[in-house]
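Readers should treat all values here as calculations from the given coordinates under stated rules, not as data from a laboratory. It should be emphasised that the depicted structure is a prediction, and the values quoted were computed from it without experimental measurement. With ideal geometry, Cβ positions are generated from the backbone for all residues, glycine too; neighbour counts draw on all protein chains shown.
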Ligand code: NAD
């Protein structure tokens with residue numbers, strides 16, 4: 001169900017499924033999307049300081065009527081705020097905008113070049129002080145994680161990366177599983193670019209599901225948390241309706257064959 005969770009390495013339960021709000025406009029657009037999601041059973045919302053919609057996300061949470069402790073709220077520190085003091089400050093700003101006392105998950109949005117270790121120390125401090133329930137990273141390659149793990153006191157609980165049938169991240173997924181780091185998929189639908197794929201549409205027809213549902217189900221069956229974005233209630237509902245079928249081994253293998261190591265977003269080594 002939408003409430004089913006993965007247990008992070010510190011014991012915190014994170015929903016396998018949630019709503020992403022990248023490019024969703026601050027104000028009524030984000031408020032209505034998040035409220036529609038929560039009304040339809042979503043419990044996890046993924047935002048970021050750079051999305052400039054944290055205030056609306058917070059308002060939607062308050063208006064949803066669902067108790068705060070039943071929700072799982074993620075935000076991220078933006079590149080220009082990396083560094084120890086600036087990250088601590090950025091966390092306060094995000095909390096204030098959201099109107100929350102704590103986040104469930106706070107991520108380093110991109111590794112950048114040479115500040116992510118300092119930034120990580122700030123996240124560790126927030127975590128040790130009980131200000132945030134889990135901390136993690138985003139867009140980290142294996143080499144970034146290896147470098148971070150040399151000095152980290154606390155291992156990241158999550159790595160959120162671009163992940164979809166055209167970018168299957170097999171080595172990264174194996175590395176994260178070995179280290180107990182939960183992988184989370186961003187742009188799981190490749191921002192809509194996978195929805196016409198003939199292999200996926202053929203599989204979808206067989207199960208009486210949509211192409212989006214097949215892709216999101218594949219995330220779950222590969223043990224990757226997924227956070228598709230939509231602002232349309234019909235699609236918000238459709239995307240969540242993936243708990244009543246199971247892709248066969250054969251279809252999982254067909255999807256595995258679609259990998260092209262092709263990104264829709266930037267390569268983290270080049271994005272500063
Ligand atoms: P996505 O793959 O979730 O695709 C979203 C788009 O697909 C929508 O705008 C819509 O056009 C289309 N869509 C959604 N559901 C559909 C359906 N059922 N039928 C047809 N079309 C549908 O793309 P995304 O928004 O880039 O990624 C999801 C979330 O991941 C973001 O909202 C954000 O929270 C997160 N994200 C994180 C990073 C990062 O650097 N950490 C980067 C990008 C996105």
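Secondary-structure-derived ellipticity at 222 nm for the chain, considering helices only, amounts to -12000 deg cm²/dmol, per-run term -39500 (n - 2.57) for DSSP H runs with n ≥ 4. Is the C-alpha gyration tensor of the chain telling us rounded, prolate or oblate? Criteria: a/c under 1.5 is rounded; beyond that, a/b larger than b/c is prolate, otherwise oblate. Oblate is the answer for the chain, as a/c is 1.5 or above yet b/c matches or exceeds a/b.
Spread over its residues, the convex hull of the C-alpha atoms of the stretch 121-190 is 85 Å³ per residue. Looking at the chain only, what percent of DSSP beta bridges run antiparallel? Nearest 5 please. Taking every DSSP beta bridge within the chain, about 15 percent pair in antiparallel fashion. Once a ≥ b ≥ c are taken as the square roots of the eigenvalues of the Cα gyration tensor of the stretch 60-145, is the result rounded (a/c under 1.5), prolate (a/b larger than b/c) or oblate (a/b not larger than b/c)? The shape class here is prolate. A simple spin-label model places the labels of residue 39 and residue 142 4.6 nm from each other, with each point 7 Å out along Cα-to-Cβ. Treating r as the C-beta distance of residue 234 and residue 84 and R0 as 41 Å, the FRET efficiency rounds to 0.40.
Label positions at residue 52 and residue 124, each projected 7 Å from the Cα along the C-beta direction, are separated by 3.5 nm. Apply the a/c threshold of 1.5 to the C-alpha gyration tensor of the stretch 94-233 and tell me whether it is rounded, prolate or oblate. Here the stretch 94-233 falls in the prolate category. Annotation: extensible slack from residue 199 through residue 13 equals 63.6 nm (criterion: 0.36 nm per residue apart, minus Cα-Cα distance). Going from the fewest other Cβ atoms within 10 Å to the most, the residues 252, 272 appear in the order 272, 252.
Based on alpha-carbon centroids, what's the gap between the stretch 115-157 and the stretch 188-251 in Å, whole number please? After rounding, the separation between the Cα centres reads 31 Å. Placing dummy labels 7 Å off each Cα toward the beta-carbon, the span from residue 151 to residue 102 is 2.8 nm. In terms of other Cβ atoms within 10 Å, 54, 85 run from fewest to most in the order 85, 54. Sorting 235, 62 by the number of Cβ atoms found within 10 Å of their own Cβ, with the fewest placed first, yields 62, 235.
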